[in-house]
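Notes to accompany the following structure.
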Amino acid sequence: MLRWLWLSLAVLALDQLTKQLAEHYLELHHPVPVVPGFNLMLAYNTGAAFSFLHDAGGWQRWFFTLLSLAVSAGIVWWLYRLERTESWMAVALALILGGALGNVLDRIVLGHVVDFIQIYYRQWAYPAFNIADSAITVGAIMLIVDSLFFRRGSEVS
């Protein structure tokens, strides 16, 4: 099922392209309204999800880089071991892999992850995110759906 790696590469390419466009056209922390509830806003994240550990002193950059690379290697192995009939799982893993590689490339090259999508409602705003984060989220939801509805084998009691 390594044939699905094209999807990971597509996510990686789209993620990097949109981040470059965001850095070129957007000003840091200045929202640009698109439609109600949706802004484009450039932000840099030195931590993990929701800026977790963003102020930890720098070690988190390399920790999250190594963690992402290890998880990515595990996903490639998982893809390799999938049966040809497990396309849903392969798509989910390919999305997660592409997203993980997009964010890890930012960490290695820039020292932070570039975010630029902001969803909000009135005074509440979801933390800024990017295409890589979106791909990881969709892939994770697909894994959950797979585990809940596409069970393989028989139950052991």
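Between amide H atoms placed 1.01 Å from N, distances below 5 Å from L42 occur with E27, H29, H30, all of them 5 or more places distant or on a separate chain. For the stretch 2-149, dividing the convex hull volume of the Cα atoms by the residue count gives 126 Å³ per residue. Computed over the stretch 88-157, the range of Cα coordinates on each principal axis works out to 48, 35, 20 Å, biggest value leading. One quarter of the convex hull surface built on the alpha carbon atoms of the stretch 1-47 amounts to 5.0 nm², the projected area averaged over directions. Among the trypsin sites (Lys or Arg not before Pro) in the stretch 95-152, those located in a DSSP loop and surrounded by at most 16 other Cβ atoms within 10 Å of their own Cβ are R122, R151, R152. Each residue of the stretch 108-125 was assigned a 3J(HN,Hα) from its phi angle through the Karplus expression (A = 6.51, B = -1.76, C = 1.60, θ = phi - 60°), giving 5, 7, 9, x, 7, 9, 8, 10, 7, 9, 10, 10, 8, 9, 6, 8, 8, 9 Hz with x at Gly and Pro.
The separation of the stretch 10-48 from the stretch 70-114, counted between C-alpha centres, amounts to 21 Å. The HN-Hα couplings worked out from phi for the stretch 76-82 by the Karplus form 6.51 cos²θ - 1.76 cosθ + 1.60 (θ = phi - 60°) are 4, 4, 4, 4, 4, 8, 5 Hz, whole numbers, x standing for Gly and Pro. Per-residue Karplus couplings for the stretch 14-23, computed as 6.51 cos²θ - 1.76 cosθ + 1.60 with θ equal to phi - 60°, are listed in order as 5, 4, 5, 4, 5, 5, 5, 4, 4, 5 Hz, Gly and Pro entered as x. Using just its DSSP H runs of length 4 or more, each adding -39500 (n - 2.57), the chain gives a mean residue ellipticity at 222 nm of -19500 deg cm²/dmol after division by all residues.
Where a number appears in this text, it was derived from the coordinates with a stated rule and is not lab data. What you see is a predicted model, and the numbers here were worked out from it, not measured in a lab. Note that each Cβ is placed from the backbone with ideal geometry, even for glycine, and that neighbours are counted across all protein chains shown.
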